[in-house]
Structure formats: structure tokens, C-alpha cells
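Step one of this worksheet: look at the structure below.
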């Protein structure tokens, strides 16, 4: 009875977060999250961008590490593969990506705190499901690594992470040292969309949802879309104003090639 209640409570929590994600999706079409290209002083005090990224991304890495380390299935296949894939992404986002950021840009503390809260919640969702609830209610047998869900999911995840990292590389190298001009990114998937890095991240997490075949993974994918699709729309319109001639020639989309 206690375990059933735990699973029911967990699914209720996922449902609530899904509703919150829907609200965020709508709100972000009217209010720009003031970081990165949309940086705005109206969001209040700010801190160094590198520090902000580390503080807001590291919690999810650490929480999933804790749940994995404390579980009884951590060395069973495919649980350790889930762990390695997830932590590979968040190690890069928490401890490598921030150190590669150029310049002295800043991040509003409010944005950092909101992102930190989401990452704390998401770390709990993914870690608690995979390493504590799933072994009791939906065990992943060693044969899961040969399932179509796992194969397709891992393929999408890897494609997404390559697109994401390469797109970040393109953005970092748009300008030579000392150059302060703005440029429209044109390499890689930026030939098709203005937010190729977000496209890569969405592909990653749809892959994660498929390879874990779980509501926890599905909610993560949904929340990612709710956050990144409106932001991609804002970036699209920003570029459209800055580079109108190139937009007319390229017929770029926002985040999904040939679609949106």
C-alpha cells in the first residue's frame, strides 16, 4: 500500500509539473527570459554568467549522482547506461560549457534561481524514477538495451548532444577577438534554424524519453519544449530585425527545420 501511494504521488507530481510547463509555455511568448541574447536589466541584480551557469546546472548532476550511488541497481544494465548518458550531458553543461563562455556577460540572479529550482526538481524526478521507483514498478531488464526504444532513444540522444555542442561551438566562434559586431550564425544546423542549439537539446530529451520509456522522461521532454520553443521564437524575431536581408534569402525557421 505504501509503495502504491508513493507511485501515485509521484505521477501526481509529474502531472502538476506538466501543467506548470504549459503555463510557462504561454507566458514565455509574452515575456522574454532575460538571459543570453535576451539579457535585460529589468530582471534585477545579476552575477557572472559562468558562475550562474554552474550554480543552476550543477544541482541536477549532483542529485542524479546521489540517487544512482544510493540505489541497489547502479551496476545493473541498463541503469548504469542511463546514468552515464544523463551525467555526460550535465557534466558538460555544468562544468565545461560555462568555462568556454567568452566575454564578461552576466546572468540575472532571478533567472539563475528559477532554473536552479527546475533542475533540483528534474534531478529528483529522473533520479528517483530510474533508480528507486522503476526497479520496483517497471524494472529495466538487461535485455532492455536491445529493445527498439533503447536503440532509437540512444541514437536520438547522441544526435542531439552532437548538434547541441556543435551549435554552441558555432556561436562562440562567430566573432574574432576584439570584434564587437553581431553576426547571424550560418554553420551546422544554423543553415536551417536560428536556434540550432535548442533543436539539439530537444532531440536529446525526446531520445531520453524514448530510451527510458517513462513518464518521467516524457515530462522532461515536455518541459524542455515549453521552455525552449518560445525562447527560440524570441531569438528568431531578434535576428529577423537585425538581419532582414539574410532572412529573406535563407527562409530560416525558428527551431524545427522546414516546420517552425
Could you calculate the contour length gain from residue 162 to residue 149, that is, 0.36 nm times the residue separation minus the distance between their Cα atoms, to one decimal place in nm?
-> 2.7 nm
What percent do you get for the relative contact order of the range 45-141 when only Cα pairs under 8 Å and 6+ apart count?
-> 53 percent
Using alpha carbons only, how many degrees (0 to 90, rounded to 10) separate the axis of helix 215-242 from the longest principal axis of the chain?
-> 0 degrees
Take every Cα pair under 8 Å in the chain that's 6+ residues apart, average their separations, divide by the length, and report that relative contact order as a whole percent.
-> 24 percent
Measuring from the longest principal axis of the C-alpha atoms of the chain, the long axis of helix 79-91 (C-alpha) lies at a number of degrees, nearest 10, equal to 20 degrees
Between residue 249 and residue 31, what is the spin-label point distance in nm, taking each point 7 Å from the Cα along the Cα→C-beta axis?
-> 3.9 nm
Which whole-number percent gives the relative contact order of the range 81-201, counting Cα pairs below 8 Å spaced six or more residues apart?
-> 23 percent
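Normalized C-alpha radius of gyration of the range 45-141, against 2.2 N^0.38 Å? Walk me through the numbers on the way to the answer.
Details: Rg = 15.3 Å, N = 97, 2.2 N^0.38 = 12.5 Å.
In units of the 2.2 N^0.38 Å rule of thumb, it is 1.22.
Counting helices only, and only those DSSP H runs with n ≥ 4, report the 222 nm mean residue ellipticity of the chain as the sum of -39,500 (n - 2.57) divided by its residues, in deg cm²/dmol to the nearest 500. Don't skip to the end; give the middle numbers.
On the way: 10 runs with 165 residues, N = 260.
About -21000 deg cm²/dmol.
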With axes computed from alpha carbons, what is the tilt in degrees of helix 49-69 against the longest principal axis of the chain, rounded to the nearest 10 within 0 to 90?
-> 10 degrees
Relative pair counts by distance (%), Cα atoms of the chain, 10 Å bins | 7, 27, 36, 20, 8, 1, 0
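Each reported figure results from applying straightforward, stated rules to the coordinates on display, with no laboratory input. The model shown is predicted, which means the values in this text are computed figures rather than measured ones. A quick note on method: Cβ atoms are made from the backbone with ideal geometry, for glycine too, and the neighbour counts reach across all protein chains shown.
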